[in-house]
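Each remark here refers to the structure printed beneath this line.
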């Protein structure tokens, strides 16, 4: 089955990529969740618009990605949120919250879809968060969650 990715799928590709996958994977997982659309000649226009949007916000080069990774590594990010008496959060820290906290701490603007949180952050303390900056470069942000 030939599909056009509309969102980043780890291990498969980026938005705008045309990929060939097994029928069941595409029909039962990628298309219903909105990660991909079926490829047609008419959908090629959509591929072009997705690629234009991606190129405008994507980090341009490997050197720039490595520079941003160094900047993220030296950045101390604090996120104040509501906390219960036992030190557990009301809800969880989202990737959008992390992107805003990095921006507030003086860091670069990050796309929240490129922030990977291995386990949901539901407690106060220090947590390491990975950010995919480039296909070959990932940065790590040290996030300190504190009670507000």
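Residues of the range 98-113 that are crowded, with 19+ Cβ neighbours inside 10 Å and either under 9 Å from the mean Cα position of the chain (by Cα) or part of a helix (DSSP H, G or I) (or both): 98, 99, 101, 102, 110.
Residue-level analysis places residue 59 among those that are at pLDDT below 85, in contact with a helix residue (DSSP H, G or I) (Cβ under 9 Å, 6 or more places away or on another chain) and not in a strand (DSSP E or B). Please go through the range 114-125 and pick out each residue that is under 24 Å from residue 11 (Cβ atoms) and exposed (fewer than 15 other Cβ atoms within 10 Å of the Cβ). 116, 118, 119, 120, listed by residue number.
Screening the candidates 111, 104 for the property of being within 27 Å of residue 11 (Cβ to Cβ) and outside the structural domain of residue 7 (by TED's automatic domain parsing) yields one hit, 111. Does any residue of the range 3-18 turn out to be loosely packed, with under 14 Cβ neighbours inside 10 Å and over 26 Å from residue 130 (Cα atoms)? No, there is no match, as no residue in the range 3-18 is loosely packed, with under 14 Cβ neighbours inside 10 Å and over 26 Å from residue 130 (Cα atoms). State whether the residues of the range 126-136 include one that is at pLDDT below 85, surrounded by fewer than 19 Cβ atoms within 10 Å (Cβ to Cβ), within 17 Å of the chain's Cα centre (by Cα) and within 25 Å of residue 9 (Cα to Cα). Yes; the residues of the range 126-136 include at least one that is at pLDDT below 85, surrounded by fewer than 19 Cβ atoms within 10 Å (Cβ to Cβ), within 17 Å of the chain's Cα centre (by Cα) and within 25 Å of residue 9 (Cα to Cα).
The values are calculated or read from the model by the stated rules, or taken from the named source; none is laboratory data. Just so it is clear, the model here is predicted, and its values are computed rather than measured. Reconstructed Cβ throughout: ideal geometry from the backbone, glycine too, with neighbour counts over all protein chains shown.
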